[in-house]
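Contents: one structure, followed by commentary.
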2 protein chains.
Amino acid sequence: MQHKTETKTILQKENNFSEWYNEILKRAEILDIRYPVKGVYVWYPYGYKLRNLIYGILRSLLDKEHEEVLFPLLIPEKELMMEKEHVKGFEDEVFWVTRGGSTELDIPLALRPTSETAIYPVFKVWIRSHRDLPLRIYQIVNTFRYETKHTRPLIRLREITSFKEAHTAHASRADAEAQIKKAVALYKDFFDQLAIPYVITRRPDWDKFPGAEYSIAFDTLMPDGRTMQIATIHLLGESFARTFDIVYEDKDGAVKFVNQTCYGISERCVAAVISVHGDDHGLMLPPEVAPIQVVIVPIVFSSEGKSVEVEKACFVVYEELKKAGIRAFFDNSEERPGAKYYRWEMKGVPLRIEIGPRDLRNNRCEFVRRNDFKRMQVPLSDVVPEVERTLTGINDCIYERAKETFFANIYKNEGNNGAGKGKDKGEGAMEGLRRKGIVSLFLCESERCGKEIEERLGVNVLGEAVYEDGDEDEAEEREKSEGRCVICSKEGKRVYVARAY
Amino acid sequence: MQHKTETKTILQKENNFSEWYNEILKRAEILDIRYPVKGVYVWYPYGYKLRNLIYGILRSLLDKEHEEVLFPLLIPEKELMMEKEHVKGFEDEVFWVTRGGSTELDIPLALRPTSETAIYPVFKVWIRSHRDLPLRIYQIVNTFRYETKHTRPLIRLREITSFKEAHTAHASRADAEAQIKKAVALYKDFFDQLAIPYVITRRPDWDKFPGAEYSIAFDTLMPDGRTMQIATIHLLGESFARTFDIVYEDKDGAVKFVNQTCYGISERCVAAVISVHGDDHGLMLPPEVAPIQVVIVPIVFSSEGKSVEVEKACFVVYEELKKAGIRAFFDNSEERPGAKYYRWEMKGVPLRIEIGPRDLRNNRCEFVRRNDFKRMQVPLSDVVPEVERTLTGINDCIYERAKETFFANIYKNEGNNGAGKGKDKGEGAMEGLRRKGIVSLFLCESERCGKEIEERLGVNVLGEAVYEDGDEDEAEEREKSEGRCVICSKEGKRVYVARAY
């Protein structure tokens, strides 16, 4: 947007992630953080294009079995307060509208922190019969939290601009549980398409969604070794149905409560794409979500001036790529090639095509891959299929590298199975945590032991691993593995712990 | 969504538009009005699909020269209050957030009534040089007005869920004026695609956007004879630039204020599509924006039971249409054909295809057009091209009918040019107004005369017609036509007046 003077400072992702993150948001023009309200930010055009491409994938996955709707932002105090567990979880975080013009409102209106209490009174009138079930809807909306902690762009916000929340109602608990599995599969598909690795856990009971029976969460690993929750899925059971009186008549005329689930994803998915894949040169975007997939740069030396032939060749390539449905950009600005490289590397464009006079004489061009800067010469006649092949290859490399880093940073704490039984108290996990990562260890289900390990190690308990696939044998082994709680030595389960965002 | 018992009541659009409108929103499942906050409503899945298709057209028009962004909902009191004219126009209508959790906020935060004061402080930091201009952005967001008048779904809202606002900054007034012309052309294109007729006027000075130099508006005509403003375009000039100190350095190093425009469209465009085209059978959607363009209904009489052959033939047609990119739906539910006709006519599906056993024996199907219920027999082998041709034809008919109705309800008041000079005082316009429509008459530019005619006739002054095209001669004639203000007899211009929403 602005024509800035070029900045050549190399960023340092590994050494100072926090600074790297803020610099990237600015230099790649994702978010402008100079808005005069704490915890709310401005999406730049480039950032918003990235956001739209990512949410486009999410939408197309949801549209197969959900319908998009839109519910109001404002929730009356009474409705918000109806579900007791739920309100306890949110009451400290709610923004309240109390005035219209110069008039005090009779009833304060909450800005939705999430929409259960806006949607479920309407479910009550939408659902009559078993034929209305399952009901599966979603919306993508702004939601609000009065965060008192340190806010952070895309990650901890007062206005979450892009909260995708799905809400479903079913005839039975079995149907609702089946929906949980479908939601897990859908989110897996989504994050796989973003090349984001994750662990899936069942959150401890004392950390579940307020009002839920249980909560499933996806966490990824940030470059500073802290995990970030990127998706949650909740079995609500009948709790909200009983509060909001959502019933249906079954085939035999009996009136029953519906069984519900809800699941959400916020713009943290954008933060994950930026943080997991980026490097010291800037963003590194998976081709599927890159606003520009290929940038074409004419290579002309200042002594030669502009070359009409080179520009023409670039334009032909640009037109061919566009016709093939590839998001291409022809950078024929006045800047030096080096300045162009810097900008488009910063913006994470997966592939650069260079064409110079010598390339032209040989009817070829040069590909440069953003992920490893590898170069290859490609005949001009093969550009489209080669671009398609190369983009797929780049995506695979990005994903492989992300998974390698991720799984190399999961540490198993075994210290508690043998001699040190019950005495290790998790200190064996410290090595892993020192190296920044996720540690798996044994814990009983009590909140007391959970809180103690959190305090001792300065971590959060993510929960028991669930819905993992991959190697069957390994999964079976994990099933079998039993252990004793590192705190109280009672029977325990393997859980993940990590420092969490 | 709900399996309602079929209601056969014929709606009456002409006699009781207001009731018709509310019934349509419910029966066609556009909006659910049963939300417990005044002036805010719930978008049903079908309504939201219609909304998305309409906004898809708007987006694709804007994306040619604008970039989509997203600014925060919350505006600090200080920023909102900076532009004096602007705040005067909005202060009575602003919702205020004053509390977070149980904490009183230091600074009250406004829910944006429109985003000038959120965006322009950021323009100040985005714009440095003439190379940053023109800057053209838009966003589609929820905005809020504390309406004290009677609220009405899609038309007068406390939460406008789908406000498209564009904001541009230019190096000169000439550039800004050129942008106004482009915006007019863009909106013309948009409403033409929706088959919505309109008049374009320059609003009187005493009714322009607060803070603008002048405002251009599009108005359409509702079935009850009242006009509805469906788009506005404002030349802001330097007023906001001076308030928010938005300057740029020109080629010669001189620092100058930018020149601005802004223009907006809300979900009133959806209200217009519903109201202008619908009839006593329900919605009538232009094919371009119909969530379902073709519904396929198997015709089997109860004595015959289901026919596998007929179902198969329907499915083949469905698959062919889908492959051709047509939004088709195969209604193979258990209901009687009549119940299906009722539902899909209510939902405005432009074309119904019926296939029965006899059709099948003759390798044909039957088309039924929603707009005039005309039937035609079509060989099964020609379905795809015939559907495409027919949808285009339906669109043309819908548009023609809408334009006929619209222009038949614009009345010219000539009573003031001849003998009755200065004495008619607009009473000649009463005939037109009695027949529900728009009247064009002569007015001077004074607010006093404008207000007097408004009071006498119970109308609003829309303003002088501008940017009209069509018949060149007619336009010239209008140019030449001079007249004296129907109130004060001073020199006047032709303006439109009408009862307005």
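The values are calculated or read from the model by the stated rules, or taken from the named source; none is laboratory data. Remember, predicted model here, so these are calculated numbers, not experimental data. A quick note on method: Cβ atoms are made from the backbone with ideal geometry, for glycine too, and the neighbour counts reach across all protein chains shown.
The number of residues in the range A:101-129 being within 9 Å of chain B (Cβ to nearest Cβ) and out of contact with any Leu (no Cβ under 9 Å at 6 or more places or on another chain) comes to 12. Take A:ARG145 and tell me if it is of a type outside the set (A, V, I, L, M) and touching a strand residue (DSSP E or B) at 6+ places or on another chain (Cβ under 9 Å). The answer is yes for A:ARG145. Residues in the range A:130-142 that are more than 8 Å from every other protein chain (Cβ to nearest Cβ) and farther than 21 Å from A:ASP63 by Cβ: A:HIS130 only. On inspection, B:VAL316 passes the criterion of being in a helix (DSSP H, G or I) and under 19 Å from B:PRO385 (Cα atoms).
Candidates B:ILE296, B:ILE265, B:ILE274: the one that is at pLDDT 95 or above and closer than 19 Å to B:ALA339 by Cβ is B:ILE296. Each residue in the range B:301-313 was checked for being in a loop (DSSP other than H, G, I, E, B) and at pLDDT 85 or above, and 0 of them qualify. Restricting attention to the range A:245-259, does a residue exist that is closer than 21 Å to A:LEU186 by Cβ, in contact with a strand residue (DSSP E or B) (Cβ under 9 Å, 6 or more places away or on another chain), in the same structural domain as A:GLU116 (by TED's automatic domain parsing) and of a type outside the set (Gly, Ala, Ser)? Yes; the residues of the range A:245-259 include at least one that is closer than 21 Å to A:LEU186 by Cβ, in contact with a strand residue (DSSP E or B) (Cβ under 9 Å, 6 or more places away or on another chain), in the same structural domain as A:GLU116 (by TED's automatic domain parsing) and of a type outside the set (Gly, Ala, Ser).
Among the residues in the range A:301-317, are any within 33 Å of the chain's Cα centre (by Cα) and surrounded by 12 or more Cβ atoms within 10 Å (Cβ to Cβ)? There is no residue in the range A:301-317 that is within 33 Å of the chain's Cα centre (by Cα) and surrounded by 12 or more Cβ atoms within 10 Å (Cβ to Cβ). Within the range B:105-121, the set of residues being of a type in the set (A, V, I, L, M, F, W, C) and over 29 Å from the mean Cα position of the chain (by Cα) comprises B:LEU105, B:ILE107, B:LEU109.
Among the residues making up the range A:19-52, a single one is surrounded by fewer than 17 Cβ atoms within 10 Å (Cβ to Cβ), in contact with a helix residue (DSSP H, G or I) (Cβ under 8 Å, 6 or more places away or on another chain) and more than 8 Å from chain B (Cβ to nearest Cβ): A:ILE33.
For residues that are more than 9 Å from every other protein chain (Cβ to nearest Cβ) and in contact with a Pro (Cβ under 9 Å, 6 or more places away or on another chain), scanning just the range A:161-175, find the one that is nearest to B:PRO72 (Cα to Cα).
Result: A:THR168.
Going by what's in this entry, would B:VAL297 be described as outside any loop (DSSP other than H, G, I, E, B) and farther than 30 Å from B:SER215 by Cβ? Considered against the rule, which asks whether it is outside any loop (DSSP other than H, G, I, E, B) and farther than 30 Å from B:SER215 by Cβ, B:VAL297 comes out as yes. Here the range B:67-92 is the region considered, the condition is being closer than 27 Å to A:ILE140 by Cβ and under 25 Å from the mean Cα position of the chain (by Cα), and the residue that is surrounded by the most Cβ atoms within 10 Å (Cβ to Cβ) is B:PRO72. Scan the range B:64-81 for residues that are at the interface with chain A (Cβ under 7 Å from one of its Cβ atoms) and of a type outside the set (D, E, K, R) and the total you get is 7.
Taken as a whole, the range B:82-97 holds at least one residue that is within 13 Å of chain A (Cβ to nearest Cβ), free of Cβ contacts under 8 Å to residues at least 12 places away in the same chain and over 30 Å from A:ASP132 (Cα atoms).
Residues in the range B:431-453 that are farther than 20 Å from B:GLU491 by Cβ and at pLDDT 60 or above: B:LEU433, B:ARG434, B:ARG435, B:LYS436, B:GLY437, B:ILE438. Of all the criteria given as (1) touching a strand residue (DSSP E or B) at 6+ places or on another chain (Cβ under 9 Å); (2) buried (at least 17 other Cβ atoms within 10 Å of the Cβ), the one not satisfied by A:ALA178 is (2). What do you reckon, is B:GLU404 at pLDDT 95 or above and either outside any helix (DSSP H, G or I) or over 30 Å from B:LYS490 (Cα atoms) (or both)? Yes; evaluated as a whole, the condition is true for this residue. Here the strands (runs of 3 or more DSSP E) wholly within the range B:173-263 that include at least 2 residues being within 21 Å of B:HIS86 (Cα to Cα) and in contact with a Leu (Cβ under 9 Å, 6 or more places away or on another chain) are B:214-221.
Would you check if there is a residue in the range B:9-23 being at pLDDT 95 or above and among the aliphatic types (A, V, I, L, M)? No; the residues of the range B:9-23 include none that is at pLDDT 95 or above and among the aliphatic types (A, V, I, L, M).
Residues that are crowded, with 20+ Cβ neighbours inside 10 Å, at pLDDT 95 or above and basic (Lys, Arg) do not occur anywhere in the range B:184-200.
Does A:LYS149 satisfy the criteria of being assigned by TED's automatic domain parsing to the domain that holds A:LYS88 and modelled with pLDDT under 95?
Yes, satisfied.
Do we find a residue being within 25 Å of A:GLU29 (Cβ to Cβ), surrounded by fewer than 19 Cβ atoms within 10 Å (Cβ to Cβ) and of a type outside the set (Val, Ile, Thr) anywhere in the range A:156-170? Yes. Scoring A:LYS149 on the criteria (1) basic (Lys, Arg); (2) closer than 19 Å to A:VAL122 by Cβ; (3) surrounded by fewer than 21 Cβ atoms within 10 Å (Cβ to Cβ) leaves a single failure, condition (2). Among the residues of the range B:321-334, those identified as within 16 Å of B:THR390 (Cα to Cα) and touching a residue at least 24 places away in the same chain (Cβ under 8 Å) are B:LEU321, B:ALA324, B:ILE326, B:ARG327, B:ALA328.
Could you say whether any residue in the range A:149-158 is in contact with a Gly (Cβ under 6 Å, 6 or more places away or on another chain) and either in a helix (DSSP H, G or I) or more than 12 Å from chain B (Cβ to nearest Cβ) (or both)? Walk me through how you get there before you give the answer.
Applying the first criterion (in contact with a Gly (Cβ under 6 Å, 6 or more places away or on another chain)) to the range A:149-158 yields A:151, A:157-158.
Restricting the remaining residues to those that are either in a helix (DSSP H, G or I) or more than 12 Å from chain B (Cβ to nearest Cβ) (or both) gives A:151.
Yes, the conditions are met somewhere in the range A:149-158.
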